[in-house]
Structures are given as C-alpha cells and as structure tokens.
Amino acid sequence: MVLSQGAVLDAAVDWLSKGWLNLSWWQLVLVTLAMTHITIVSVTVFLHRHQAHRALDLHPLPSHFFRFWLWLTTGQVTREWAAIHRKHHARCEQAEDPHSPHVFGIRKVLFEGAELYRTESKNQETLARFGHGTPDDWIERHLYTRFSWQGVGLMLIIDLALFGVAGLTVWAVQMAWIPVTAAGIINGAAHYWGYRNFEAPDASTNISPWGILIGGEELHNNHHTYPTSAKLSVKPYEFDIGWMYIRLMQSVGLASIKKRPPKLAFGDIRPVADEKTLEAVIANRYEVMAGYARRMRAVVRQEMDTLKARQVDAEVVVAARRWLHRDTDKVPVAARSQLSKARSANAVLDKMVVMREELRQLWLNTSHSREQLAADLQAWCRRAEDSGIAALREFSMQLRAARVQTI
C-alpha cells in the first residue's frame, strides 16, 4: 500500500508536533526535570564524589552509566572536570583558582562559569597535575574524550525523535542545566552568599540546608570542610539527596562508601586534657570551633541583655557580633574597627575572642611536638576554667570529655 503525499505530510507534521511519545505539556515538563535530575546525580555522585575526591567506590554498572549519560547531556570529559575541581580545592580563592568569584567577580562566575571551565580545560599543566586516576580505557580514549561533543548532538536527535519540535526546548534545558546550576550557582553563589556551619579556610557557604535541586551540592561549606566525605550533610536539619542515592546503591552492592564527615564523640570527663583529648580536638577541629561559636553567640546575647538591663548602649556589640567568632583574616577590613571597639568595651567578649584564637593555634602550630601540644591544651583548659566565664568553663569540660569516633 502506497501512502499519498498528503498522508506522508500529515504523518510528518504529526510527528514534529508530538514526537514518538506524544506527551502532554505537563508530562514533557516532568520528563525534562527527571532527565536533568539524572544529570545532576551523575555530576555529584560520579564526577564529584567518586572521581574528584574518591569518597566512594562505584560498581562498573552505575559508573559507566553515569559516564555515558554525561557524554550525552553535557559533553563533559571526566579527566578535565576532576582536574579542574581538584585545582579549585588546592588553590581555593587564590589567583590560580579556576572559578572563584573573589578572583573573577561574582557576576562573571554566575553568568560565564562554563566559559571559565572551558578556558581551564585547555590548560595542559592543570590536566597533568590534577587529572590522575580518572578513566583511561578504550571507550574513554576513542569515544568519550575524542568525540566529547558528539554525545550532545546525539542527545538532540533523541530528543527530537521522542518529543518532536518540543525536543529542541528539552535539549536546550538539558544543555543549560549544568552550566547554570554547577558552573554558575555552586561555583559562584556558594562562595559568596549563604550560611556557614564551619570556619573552613575559604569563602564557601551552604546555599540551602536542603540539597535537592543540585543533588546536595547546595551544602558547599560542608563539602569544603570535609572534601573527601561522600556525605555532604552534617546537621540534623540538613538533607543531601546525593547521599540518599549513594546509600541506595550501597544497599544493593553498587557503591562502597570510603569516608563520611567525622563526628565529635564524648565520654567521661578526663581529669586533665591528654594526648587522646588532643587527637579528638584536632581530628574534629571544625566541629570544635563550631561549638565554640555557638557558645560565643550565647554569651553575646547574655551580654547584650545585661547592657540593656543597665540601660547601657549595646550598639557597639550589636555591630560586631557577626564577626566575633570568625578568624581574623575572614573579618572584612570595614568591620575590624567595630570588632576592636566591642572587645575594648566588653572584657568577657574580649576574653572569648582571645581564647578562641589560642585554641585555634593548637592545630596551626605544626612545629610543636605532640607532647607540647597536649601541654598547651591542658594549659588552655586551666585558663578557660579559671576565667570566671561560665561558657568557657563548660566548653573546657566538654573538651576534656572528647573522644575520637571511628566511622
């Protein structure tokens, strides 16, 4: 039976308008979101946690699926991505950082983050120094790396076949998803705006406590604090959907977790801080300093209430309270005079700041022996408990109960 030209034209028009799947608009939206979410999961689980940081091992089945999917939807070469990301950690917020908003400007990273990636991917020194241990098998050399952008061309054909003309929009969203969310939002906003659980040695922030849309990468300050952890959430109220997928794969033997964030455990209070206490404090130094910051904020509130009760102006303390628990080099120049005035006006807050810095020196004094550091910690605890400040005394006693917890 031979179809008329009109029938062929009608069939072609019908296919262009609906594609093979003939989805309604809301079904098309859901399918697009599902496909972009798979891409996000591929980036966070495979490229980021598995390849760049070796925080987990993946079974060959999901590992190769992620490689194939990323070839289709991003054209990303694994070696390039891992190398650039490792360099970012090694040179974070410095001139050599491939995409720091504090180097290039927030607008540049937000809107041209993908361009910064492409520029750095041409740096052979970066690839040679930081690209080790990434896939180098036959299919990687002869397909995924050699024809990296042919994958996205194939994805365009697949989208057109499945969804008709609307497939162009689906494909455009897929192509924009990682440049916008990862290269733009995570590399830009997550080093500029947000909250910080830990005083990591860079400007990283958590954009949201619920890491869903970008696979858990929203918890960026947590990641920079514990970069080799497969789990990015650390607080009870935080959720890392990437971790959920890793645990699901682990439950069926498709993933093996190598490292999680350390936990500060507590036992009986030791009579004096010893080398075991020192080991626990240094291993969990970020959590220790986060705990100190919580106590400092409580002291600030108490001091402000005291000042108000005495009808004394608390404006100086109010202006500086945001910076009292921060490392000196993290305090903006414009805020340093406010901090100095607050410390001069309040002996308790000044003592808290001084003791914080002395505690921090325990892991910064790398020239000191283990025995000397343990003695320094003992002396710190004595000073804290003799300070007359309840928050310091309680914190010191808690430190003397610290234990290393094996995960």
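The residues of segment 308-324 that are open to solvent by 40 Å² or more (accessible area, probe 1.4 Å) and not in a helix (DSSP H, G or I), listed by number, are Arg310, Gln311, Val312, Asp313, Arg321, Arg322.
Residue-level analysis places Gln338 outside the set of residues that are of a type in the set (S, T, N, Q), open to solvent by 60 Å² or more (accessible area, probe 1.4 Å) and either part of a strand (DSSP E or B) or under 21 Å from Asn197 (Cα atoms) (or both). Checked against the criterion of being out of contact with any helix residue (DSSP H, G or I) (no Cβ under 7 Å at 6 or more places or on another chain), modelled with pLDDT under 90 and closer than 30 Å to Ala374 by Cβ, the candidates Arg260, Arg322, Arg326 yield just one match: Arg326.
The sole residue among Ile178, Ile241 that is at pLDDT 95 or above and aliphatic (A, V, I, L, M) is Ile241. Taking the conditions (1) crowded, with 17+ Cβ neighbours inside 10 Å; (2) under 14 Å from the mean Cα position of the chain (by Cα) in turn, Ala255 satisfies each one other than (2).
Here segment 325-335 is the region considered, the condition is being without any contact (Cβ under 8 Å) to a residue 40 or more places away in the chain and in a helix (DSSP H, G or I), and the residue that is nearest to Glu357 (Cα to Cα) is Thr328.
Residues in segment 55-102 that are over 16 Å from Ser148 (Cα atoms), assigned to a loop (DSSP other than H, G, I, E, B) and open to solvent by less than 10 Å² (accessible area, probe 1.4 Å): Ala55, Asp97, Pro98, His99, Ser100. Annotation: Trp363 fulfils all but one of (1) modelled with pLDDT of 90 or more; (2) under 26 Å from Trp323 (Cβ atoms); the unmet one is (1).
Residues in segment 263-282 that are surrounded by 18 or more Cβ atoms within 10 Å (Cβ to Cβ) and modelled with pLDDT under 90: 1 in all.
Filter segment 292-309 for residues that are over 14 Å from Val348 (Cβ atoms) and among the basic types (Lys, Arg) and give the result. Across segment 292-309, the qualifying residues are Arg294, Lys308.
The values are calculated or read from the model by the stated rules, or taken from the named source; none is laboratory data. Nothing here was measured: the structure is a model prediction, and the numbers come from that model. Positions of Cβ are generated from backbone atoms using ideal geometry, with glycine treated the same way; all protein chains shown enter the neighbour counts. Protein only, heavy atoms only, side chains kept; ligands, DNA and RNA dropped before computing areas. Shrake-Rupley method; radii C 1.70, N 1.55, O 1.52, S 1.80 Å.
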